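Structure first, commentary second.
The values are calculated or read from the model by the stated rules, or taken from the named source; none is laboratory data. What you are looking at is a predicted structure, and each value in this text was computed from that prediction instead of being measured. Please note: Cβ atoms are built from the backbone with ideal geometry, for glycine as well, and neighbour counts cover all protein chains shown.
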Amino acid sequence: MEKQEQTTAVEQQYLWAVGLDTEAFPPESLIGDRYRVLSSQIVVDTDAFALPELPLEFQTYVVSYLKLSRLSLHLPRPYGLLLIGEELNLSEVFLLENVPIDRQGKLCPTLAEAWAEASALRQINLLWQVLNLWQPLAEQNMARTLIDFKLVRVDGMWVRLLELQADVAAVHISQLGDIWVQWLDLAKPEIAEPIAEFFYSLGRGEYDINSAIAYLDQMTLKVMENQPLTVRIASASDVGQQREHNEDACYPDVKRQKRSEQADSLRDRLAIVCDGLGGHEGGEVASSLAIKTLEQQLKTLLQQAENDPDFSAQGFIAQLEMVARVVNNQIVAINDQQQRQAQQRMGTTLVMAVMPRPNGKMSNEVYVVHVGDSRLYCVTKDNLRQVTLDDDVATRETTLGYNFYAYSSQRIDGGALIQALGTRASDMLIPRVQRFFIDEDCLLLLCSDGLSDFDRVEQICDRYLLPVLSENKPLDRSCQDLIDQANELNGHDNITVALMRCRFAPSDPNEDQVSENDIPTSISTAEEEADTEDIQTETEDPAGALALTSPESETSEDLEPELMDMDSAKTEFAVPKQTNSAFIIILILVALILGSGLAAMQFPQVKDWVRQNLPVSLQRFVP
């Protein structure tokens with residue numbers, strides 16, 4: 001998990017300059033002898049490896065940006081703050097990174113512009129994202145941003161804000177309805193009627209945020225009834241170039257890649273990566289236990305979601321948080337039992353993508369559960385977006401409003417984790433659950449930091465991730481390519497990846513058949529399934545409700561066999577599933593004949609028995 005310093009070429013980063021006097025600084029001019037103006041308020045840093053300038057104190061609006069920086073999918077992040085001019089006539093230029101500017105340095109289209117070209121699913125999705133941003137922005141008195149046409153931009157399937165505007169007067173979500181109703185003529189026919197009803201009702205103030213989001217949730221499920229969505233998942237793991245043991249683990253298990261070997265309730269719906277902490281016989285135990293426990297819990301949870309007519313996103317999120325705490329409690333119990341202290345305590349990171357089927361209906365929503373610094377990225381034909389934000393010191397310092405990320409990340413302990421599963425009690429754990437909708441073909445990459453360190457994902461995306469979408473590159477081969485690249489470019493840590501490819505197209509039976517035939521089956525599958533059943537992390541009551549156990553209900557005797565089982569060294573061999581049975585029979589028969597011949601030389605009774613029972617054609621081999 002330790003980071004090492006490396007210097008690499010980085011792609012040109014575009015910044016948005018808030019408060020820039022465009023007349024005083026035309027294109028190609030320099031701001032502060034460092035920032036080159038491209039056009040309007042778009043600038044680039046000509047010295048990206050030097051820390052940006054900062055004042056001694058931050059104004060309130062800057063602190064609001066910092067506190068909202070956890071919403072990195074949608075919001076810009078403070079980069080630098082310049083004071084331009086003389087002492088008595090200073091002007092402030094606020095530089096923002098992570099802004100909606102494409103690779104050519106052009107602003108992404110506004111929401112109003114993108115609406116006309118969007119599919120029905122995307123039209124709903126864009127509105128849904130705006131509504132989900134309302135509450136966190138309102139808490140920082142920045143909700144006015146969402147009703148400013150120029151500030152709400154669309155980058156692929158993501159709503160992204162150009163900058164924030166403080167509320168100078170009271171704002172209400174009904175104002176969104178008044179704005180959106182102007183777009184009714186451009187709504188796609190399949191949603192025109194329900195979206196019109198929604199816009200007018202929203203404008204009349206008949207919805208609060210939660211009910212408005214719930215309405216769009218139901219609209220999405222309705223549209224998905226006529227939309228085929230095929231999801232396929234593969235994973236791979238490697239010890240890396242410098243470690244002796246692999247403390248990572250994943251689901252699907254690297255030895256059970258065939259879809260036919262995975263539980264029906266989990267197949268094509270779950271991907272997990274865990275990066276163990278605590279060294280050999282610590283990190284390995286924690287990550288393996290986490291995967292096995294999560295697999296068991298999610299089997300029940302996804303079955304319940306499929307059969308629950310009252311399924312709700314809020315309820316499902318709460319259950320996912322509880323599942324993370326169940327895993328945490330189990331690892332904490334082992335740490336306490338073995339009296340592990342401080343750095344000796346085992347733990348694991350977690351990044352998990354789950355796609356439920358609410359009430360048995362096909363859905364395009366993804367739930368991401370995250371603890372630590374393993375990451376999830378979303379790749380589309382247009383862009384690569386990091387969905388999760390690391391639970392490290394640098395992120396904490398930024399989101400608390402203490403400092404800009406560029407400075408926080410330079411701390412000696414900037415990359416140190418502030419939480420992981422198993423290192424402390426569940427009341428101190430904050431598992432983060434994100435929810436989003438996909439509305440186009442995409443690839444979700446889950447990975448440990450053996451791949452993501454030093455921005456390697458961004459560097460290799462075009463060559464190794466985009467072809468999975470554009471060229472239908474096999475997932476298993478793509479996983480191995482990512483492992484190879486991580487070993488070549490990083491190699492300092494274990495590497496684990498899981499790919500979840502989502503395509504709005506019917507499944508291809510021929511592709512699945514080829515994939516099944518290409519993947520070997522491990523002879524240890526049955527043994528591993530037995531191991532999994534040994535971990536009793538769930539029970540079902542007569543009503544079928546999920547009962548999550550707590551560490552108080554487990555004794556040290558219950559945990560010790562599992563620990564010993566995972567500490568045992570195992571040598572496993574992968575063999576083809578369909579062994580040539582005729583070849584094996586021939587070998588047995590030859591051994592029988594040779595053995596019979598030797599015995600017959602010593603014992604006449606054996607010779608008589610052989611002549612009575614062997615075919616005449618084989619008796620000539622007997623002396």
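Checking the structure you have, find out if any residue of the range 396-416 is buried (at least 21 other Cβ atoms within 10 Å of the Cβ), of a type in the set (A, V, I, L, M) and either within 20 Å of the chain's Cα centre (by Cα) or at pLDDT 95 or above (or both). The answer is no; no qualifying residue exists. Taken together, 237, 260 contain a single residue that is in the same structural domain as residue 273 (by TED's automatic domain parsing) and within 22 Å of the chain's Cα centre (by Cα), which is 237. Per the conditions (1) over 18 Å from residue 273 (Cα atoms); (2) surrounded by 18 or more Cβ atoms within 10 Å (Cβ to Cβ), the sole criterion not satisfied by residue 478 is (1).
For the subset of the range 171-190 comprising residues that are outside any helix (DSSP H, G or I) and in contact with a helix residue (DSSP H, G or I) (Cβ under 7 Å, 6 or more places away or on another chain), which member is farthest from residue 224 (Cα to Cα)? Only one residue fits best here, namely 171.
Taking (1) touching a helix residue (DSSP H, G or I) at 6+ places or on another chain (Cβ under 6 Å); (2) under 16 Å from residue 120 (Cα atoms); (3) surrounded by fewer than 20 Cβ atoms within 10 Å (Cβ to Cβ) in turn, residue 220 satisfies each apart from (3). From the list 369, 327, the one residue that fits, being in the same structural domain as residue 472 (by TED's automatic domain parsing), modelled with pLDDT of 95 or more and not in a helix (DSSP H, G or I), is 369.
Could you tell me whether any residue of the range 191-202 is assigned to a loop (DSSP other than H, G, I, E, B) and over 26 Å from residue 504 (Cα atoms)?
Within the range 191-202, the subset assigned to a loop (DSSP other than H, G, I, E, B) is none.
No.
Restricting the search to the range 124-145, which residues are within 27 Å of the chain's Cα centre (by Cα) and of a type in the set (A, V, I, L, M, F, W, C)? Passing the criteria: 124, 126, 127, 128, 130, 131, 133, 134, 137.
Out of curiosity, is residue 56 touching a Phe, Trp or Tyr at 6+ places or on another chain (Cβ under 8 Å) and either of a type in the set (A, V, I, L, M) or at positive phi (or both)? Can you show your working first?
Working: touching a Phe, Trp or Tyr at 6+ places or on another chain (Cβ under 8 Å): no; either of a type in the set (A, V, I, L, M) or at positive phi (or both): yes.
For residue 56, the condition - touching a Phe, Trp or Tyr at 6+ places or on another chain (Cβ under 8 Å) and either of a type in the set (A, V, I, L, M) or at positive phi (or both) - is not met.
Is it true that residue 439 is outside any helix (DSSP H, G or I) and of a type in the set (Asp, Glu)? In short, yes.
Of 184, 82, 133, which residue is modelled with pLDDT of 95 or more, crowded, with 18+ Cβ neighbours inside 10 Å, among the hydrophobic types (A, V, I, L, M, F, W, C) and not assigned by TED's automatic domain parsing to the domain that holds residue 458? Please lay out each step first, then the result.
On the way: 184 fails: crowded, with 18+ Cβ neighbours inside 10 Å; 82 fails: modelled with pLDDT of 95 or more.
The conditions single out 133.
Of all the criteria given as (1) under 22 Å from residue 466 (Cα atoms); (2) in contact with a strand residue (DSSP E or B) (Cβ under 7 Å, 6 or more places away or on another chain), the one not satisfied by residue 372 is (1).
Evaluate the following for residue 121: is it within 24 Å of the chain's Cα centre (by Cα), on the phi < 0 side of the Ramachandran plot and of a type in the set (A, V, I, L, M, F, W, C)? For residue 121, the condition - within 24 Å of the chain's Cα centre (by Cα), on the phi < 0 side of the Ramachandran plot and of a type in the set (A, V, I, L, M, F, W, C) - is met. The set of residues in the range 338-356 that are more than 18 Å from residue 429 (Cβ to Cβ) and at pLDDT 95 or above comprises 353, 354, 355, 356. Quick check: anything in the range 444-453 surrounded by fewer than 21 Cβ atoms within 10 Å (Cβ to Cβ) and touching a helix residue (DSSP H, G or I) at 6+ places or on another chain (Cβ under 7 Å)? No, every residue in the range 444-453 fails to be surrounded by fewer than 21 Cβ atoms within 10 Å (Cβ to Cβ) and touching a helix residue (DSSP H, G or I) at 6+ places or on another chain (Cβ under 7 Å).
Taking only the range 224-236 into account, find how many residues are polar (S, T, N, Q) and crowded, with 22+ Cβ neighbours inside 10 Å.
Let us first name the residues in the range 224-236 that are polar (S, T, N, Q), namely 226-227, 230, 235.
After this cut, where a residue has to be crowded, with 22+ Cβ neighbours inside 10 Å as well, the list is 235.
Selection size over the range 224-236: 1.
If residue 397 meets every condition in (1) within 28 Å of residue 127 (Cα to Cα); (2) acidic (Asp, Glu); (3) free of Cβ contacts under 8 Å to residues at least 24 places away in the same chain apart from one, which number is that one? So residue 397 meets the others, but not (1).
Of all residues in the range 454-475, those satisfying the criterion of being surrounded by fewer than 22 Cβ atoms within 10 Å (Cβ to Cβ), closer than 27 Å to residue 245 by Cβ and hydrophobic (A, V, I, L, M, F, W, C) are 454, 460, 475. Summed over the range 138-161, the residues that are over 15 Å from residue 175 (Cα atoms) and either touching a Lys or Arg at 6+ places or on another chain (Cβ under 8 Å) or surrounded by 18 or more Cβ atoms within 10 Å (Cβ to Cβ) (or both) give a count of 11.
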